[in-house]
Structure formats: C-alpha cells, structure tokens
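Here is the structure we will look at.
The values are calculated or read from the model by the stated rules, or taken from the named source; none is laboratory data. Predicted model only: the values in this text are computed from it and were never measured. Cβ coordinates were reconstructed from backbone atoms using ideal geometry, including for glycine residues, and neighbour counts include every protein chain displayed. Surface accessibility is based on the protein's heavy atoms, side chains included, excluding ligands, DNA and RNA. Shrake-Rupley method; radii C 1.70, N 1.55, O 1.52, S 1.80 Å.
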Amino acid sequence: MSGAAAPADWPADIFHALKAANIRIVSYVPDAGHAKLIRLCEADPEIRTVPLTTEEEGIGLAAGAWLGGERAALLMQSSGVGNCINTLSLLESCRLPFLMLVTRRGEWAEFNPWQVPMGQRAMAAVDLMGVTVYPLTEAASAGETVAAAARLAFDGGAPVAVFISQRLIGAKSFAEDAA
Amino acid sequence: MTAAMATAMASGVGLDRRKVVAELLANRGDLLVVAGLGSPVWDCAAVGDHPLNFYLWGAMGSAITIGLGLALAQPKRRVLVITGDGEMLMGLGALATVAVQKPENLAVVVLDNEHYAETGMQKTHTAFGVDIAAIAKAAGFPATMTVKDESGLARLCQQVGGAPGPILGQVKISAAHVPLVLPPRDGAYVKSRFRDALLGAPNP
C-alpha cells in the first residue's frame with residue numbers, strides 16, 4: 001500500500017455497516033481493494049459469500065435474493081461495471097433495491113492505462129442506467145456512507161452504487177503487483 | 001448435428017415445448033418458478049399465470065442467477081428455472097457459480113430448440129453440438145440429463161420434484177412455432193406479487 005494514509009479501518013467499517021443492514025449474501029468478482037472485506041464476509045457464519053465469474057451475475061443473484069426475502073450486496077472493481085450495463089435494466093424494470101460497492105481503478109495515480117477507460121466512466125455509466133452514485137473519498141466516512149447507501153437501497157427501494165476511491169486503497173505500482 | 005437433422009428439428013421433430021412445461025408444472029405444489037427471456041415465458045404463461053412465477057422480459061442471461069439468489073434465500077423451497085438454450089448460453093459462467101454454491105433446492109431446465117426463436121430462428125451454438133448438460137456436469141452439477149423423449153421427461157420431472165440439486169436438464173424440443181401467450185409484463189408488479197405470495201403481504 002502507498003498513497004494517502006488510512007486512519008480508519010475502512011473495510012471493517014463497511015463490513016459492520018453491511019451486517020447492521022442485514023445483508024446476508026455478498027457476491028463478488030474480486031479486487032485487491034475488496035480483499036479484506038471479502039475475508040471478513042467469508043469468516044462470518046451469517047453471510048453467504050458467492051464468487052462470480054462475471055459481475056452481472058451478482059445483479060440477478062441480488063434480484064433473486066430479494067424475491068426470496070433476503071438482502072444481497074455485490075462487490076466489484078470499476079472495470080466490472082461495464083459488464084453490468086444491460087443487466088442493470090432488471091432493477092428499473094422491476095423496481096428492485098440493489099447495493100453495489102465498487103472499488104475504483106483508473107482514477108487516483110493509476111499506472112495501468114487499460115484500467116483508465118472504464119474506470120474513468122464507470123460512475124457515469126451506472127448513473128446513466130438509473131443507479132444512484134455515492135462517492136466515497138474519505139476512509140473515515142466509509143461506514144456511514146455504506147449505511148446510508150444500504151438504507152436508500154433496501155428501505156428507499158433504489159439501486160445504489162458506492163464508489164470507493166483508489167485513494168483509500170492505495171495506488172498500485174508495477175513494483176508491487178502488475179495486476 | 002447434420003443439416004438434415006437441423007431441418008428435422010426446425011420442422012417439428014423433438015418434444016412439444018408446451019407439453020414439456022405443462023408436465024414440469026403439473027404438480028408444482030409450492031415450487032418457485034423463474035422463466036427466462038423469450039419463449040419459456042410464453043410457455044409458463046400458457047400453463048397458467050401464477051403468483052410464484054417470475055417472468056423475465058429482458059436482462060438476458062439472468063434467469064439462472066435469479067434462480068440461484070432465490071434458492072439461497074429460500075433453502076426450504078424448490079426453485080425451478082425454465083429457460084431457453086440462447087438465454088442459457090449468454091450466462092454459461094453462472095453454471096460454474098451455481099456449482100460452487102451447490103444449492104440442493106435448485107433445478108434448471110433448458111428448453112433447447114437449437115434456435116433463437118424470437119429473433120428469426122438463427123441457430124444457437126447447441127445446433128452445432130455445444131452440450132449444455134455436459135458443461136453443467138463438468139462445472140460440478142451433481143445431476144444433469146439430456147432429455148429427448150417422454151420417458152426422459154418423466155425422469156426429469158421426478159428429479160425436479162425432489163432430487164438433491166443443483167440439477168440441470170437439457171430438453172430437446174421442437175422448433176415448431178407455437179402461439180404467443182403473454183403473462184403480465186410489468187416487472188414491478190410481477191416482483192411484488194411474487195414477494196407477497198411467498199413472504200406474506202405486506203412485506204418490508
């Protein structure tokens with residue numbers, strides 16, 4: 001990790017916010033920025049973690065969970081947003097609640113040019129599809145941001161995406177990890 | 001498959017899709033049903049609209065993942081996804097996702113006419129030999145079958161009714177045209193009706 005200092009344990013704060021919102025299913029295509037949150041979810045006997053082969057699977061999964069009376073959240077990095085676009089139409093067509101947590105790439109001190117096109121446009125892309133965007137740029141506000149997003153999603157009946165700044169995660173470098 | 005066989009399929013050889021779906025749903029009990037985009041939606045509607053049917057008029061490729069979410073949320077209920085070969089092909093990766101979760105209460109039936117029936121009868125990959133049941137088996141589904149006749153359909157209906165899943169049955173059906181039977185297309189209505197019937201109304 002490098003870049004800005006992270007005064008708060010923001011992945012743990014997000015985890016506790018998901019727990020408090022009664023999220024029982026957490027699906028993901030992994031990102032290094034979600035690694036700790038995924039580990040916390042896997043270690044929790046009340047949460048079912050579902051690894052996906054592609055991000056849009058998590059939209060159907062969340063819709064099915066809601067039909068069955070459970071709440072799900074979907075974790076991905078911003079490159080996965082593009083895979084979701086048409087499937088997001090399910091949410092508006094059926095007026096479904098939905099919560100996705102997106103770690104940003106191609107944003108703060110990105111070293112990989114291939115991450116830039118989708119990373120720069122991911123927030124606009126979900127906005128275009130009717131998903132409310134909550135940017136998260138300060139580690140200290142992670143818990144309250146995810147709690148507010150979950151409330152808007154499941155009580156307010158809206159699709160919501162929290163975009164977690166690369167600044168929280170720390171910019172990668174070639175020396176650390178080329179992925 | 002040879003060209004002659006493909007022609008035979010298109011001309012009506014293979015099980016009647018409406019009869020297949022009618023048999024699958026004949027004794028549905030408290031079965032929860034997800035119908036994938038296109039003809040399977042009309043097939044389910046032809047059997048009779050039901051509050052515990054969830055119809056997909058879009059979001060192609062999502063029928064199986066909606067079934068998975070439902071199966072995980074309702075582990076004591078049987079969940080049946082009825083979809084087509086084209087819709088299933090768009091979400092093949094989800095077979096791996098389902099296999100990892102191993103939901104015992106989930107069955108997936110792929111009505112395989114080897115064509116995109118809604119868009120001009122273009123051939124799907126199954127017309128060229130892609131075997132969805134074999135893919136599901138390789139992914140780790142404990143029970144898979146390819147159904148080509150009445151006796152196979154009877155076995156599939158038994159499995160859907162109670163065998164430990166996840167199950168995938170690929171049913172070779174006729175590509176012959178059948179009349180449209182349309183269920184409600186308001187997704188918000190169908191969703192709320194489904195939740196009310198399953199969870200009791202009003203639900204949070």
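Conditions first: (1) more than 8 Å from chain A (Cβ to nearest Cβ); (2) open to solvent by 30 Å² or more (accessible area, probe 1.4 Å). B:Asn53 passes all but one, so which condition is the exception?
For B:Asn53, the failing item is (2).
Can you confirm whether B:Leu182 is more than 14 Å from every other protein chain (Cβ to nearest Cβ), part of a loop (DSSP other than H, G, I, E, B) and in contact with a helix residue (DSSP H, G or I) (Cβ under 9 Å, 6 or more places away or on another chain)?
So B:Leu182 passes the test.
How many residues, within the range A:153-176, are touching a strand residue (DSSP E or B) at 6+ places or on another chain (Cβ under 8 Å) and either at pLDDT below 95 or open to solvent by 50 Å² or more (accessible area, probe 1.4 Å) (or both)?
Here the count works out to 3.
Conditions first: (1) of a type outside the set (A, V, I, L, M, F, W, C); (2) surrounded by fewer than 18 Cβ atoms within 10 Å (Cβ to Cβ); (3) closer than 18 Å to B:Gly84 by Cβ. B:Thr124 passes all but one, so which condition is the exception?
Looking at each condition in turn, B:Thr124 falls short on (2).
Of all the residues that make up the range B:72-100, how many are in contact (Cβ under 8 Å) with a residue 40 or more places away in the chain and either under 15 Å from B:Val33 (Cβ atoms) or within 13 Å of chain A (Cβ to nearest Cβ) (or both)?
17
Considering only residues that are over 27 Å from B:Asp30 (Cβ atoms), of a type in the set (Ser, Thr, Tyr) and surrounded by fewer than 21 Cβ atoms within 10 Å (Cβ to Cβ), which ones fall in the range A:80-112?
Hit for the range A:80-112 is A:Ser89, nothing else.
Is there a residue in the range B:19-39 that is over 23 Å from B:Asp149 (Cβ atoms), crowded, with 24+ Cβ neighbours inside 10 Å, of a type in the set (Val, Ile, Thr) and at pLDDT 95 or above?
Taking every residue of the range B:19-39 in turn, at least one turns out to be over 23 Å from B:Asp149 (Cβ atoms), crowded, with 24+ Cβ neighbours inside 10 Å, of a type in the set (Val, Ile, Thr) and at pLDDT 95 or above.
Mind checking which residues of the range A:55-68 are out of contact with any Ser or Thr (no Cβ under 9 Å at 6 or more places or on another chain), facing another protein chain (nearest Cβ under 7 Å) and more than 16 Å from B:Pro103 (Cα to Cα)?
Passing the criteria: only A:Leu67.
I want to confirm something. Restricting to the range A:69-89 and keeping residues that are within 11 Å of chain B (Cβ to nearest Cβ) and of a type in the set (Ser, Thr, Tyr), which single residue is farthest from A:Ile169 (Cα to Cα)?
By that ranking, first place goes to A:Ser89.
If we keep just the residues of the range B:117-147 that are more than 24 Å from A:Thr53 (Cα to Cα) and in contact (Cβ under 8 Å) with a residue 60 or more places away in the chain, which is nearest to the other protein chains (Cβ to nearest Cβ)?
Taking the candidates together, the pick is B:Glu118.
Filter the range A:122-139 down to the residues that are farther than 15 Å from A:Ile169 by Cβ and over 14 Å from the mean Cα position of the chain (by Cα), then identify the one that is most open to solvent (accessible area, probe 1.4 Å).
Out of the qualifying residues, it is A:Leu128.
Scan the range B:181-201 for residues that are among the hydrophobic types (A, V, I, L, M, F, W, C) and modelled with pLDDT under 95 and report the count.
1
Let's see how each residue does on (1) among the hydrophobic types (A, V, I, L, M, F, W, C); (2) farther than 21 Å from A:Asp155 by Cα; (3) modelled with pLDDT under 95; (4) touching a helix residue (DSSP H, G or I) at 6+ places or on another chain (Cβ under 8 Å):
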| residue | (1), (2), (3), (4) |
| --- | --- |
| A:Arg24 | no, no, no, yes |
| A:Lys36 | no, yes, no, yes |
| A:Leu40 | yes, yes, no, yes |
| A:Pro45 | no, yes, no, no |
| A:Thr49 | no, yes, no, yes |
| A:Thr53 | no, yes, no, yes |
| A:Glu56 | no, yes, no, yes |
| A:Leu74 | yes, no, no, yes |
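Return yes or no: is A:Ala43 within 14 Å of another protein chain (Cβ to nearest Cβ) and either over 14 Å from the mean Cα position of the chain (by Cα) or open to solvent by less than 20 Å² (accessible area, probe 1.4 Å) (or both)?
Against the criterion (within 14 Å of another protein chain (Cβ to nearest Cβ) and either over 14 Å from the mean Cα position of the chain (by Cα) or open to solvent by less than 20 Å² (accessible area, probe 1.4 Å) (or both)), A:Ala43 does not qualify.
With respect to the numbered conditions (1) open to solvent by less than 30 Å² (accessible area, probe 1.4 Å); (2) more than 14 Å from chain A (Cβ to nearest Cβ), which one is the sole condition not fulfilled by B:Ile66?
With respect to (1) open to solvent by less than 30 Å² (accessible area, probe 1.4 Å); (2) more than 14 Å from chain A (Cβ to nearest Cβ), B:Ile66 is out only on (2).
Of all residues being open to solvent by 30 Å² or more (accessible area, probe 1.4 Å) and in contact with a Gly (Cβ under 6 Å, 6 or more places away or on another chain) in the range B:71-103, which is farthest from B:Ala59 (Cα to Cα)? Just the residue, please.
B:Gln74
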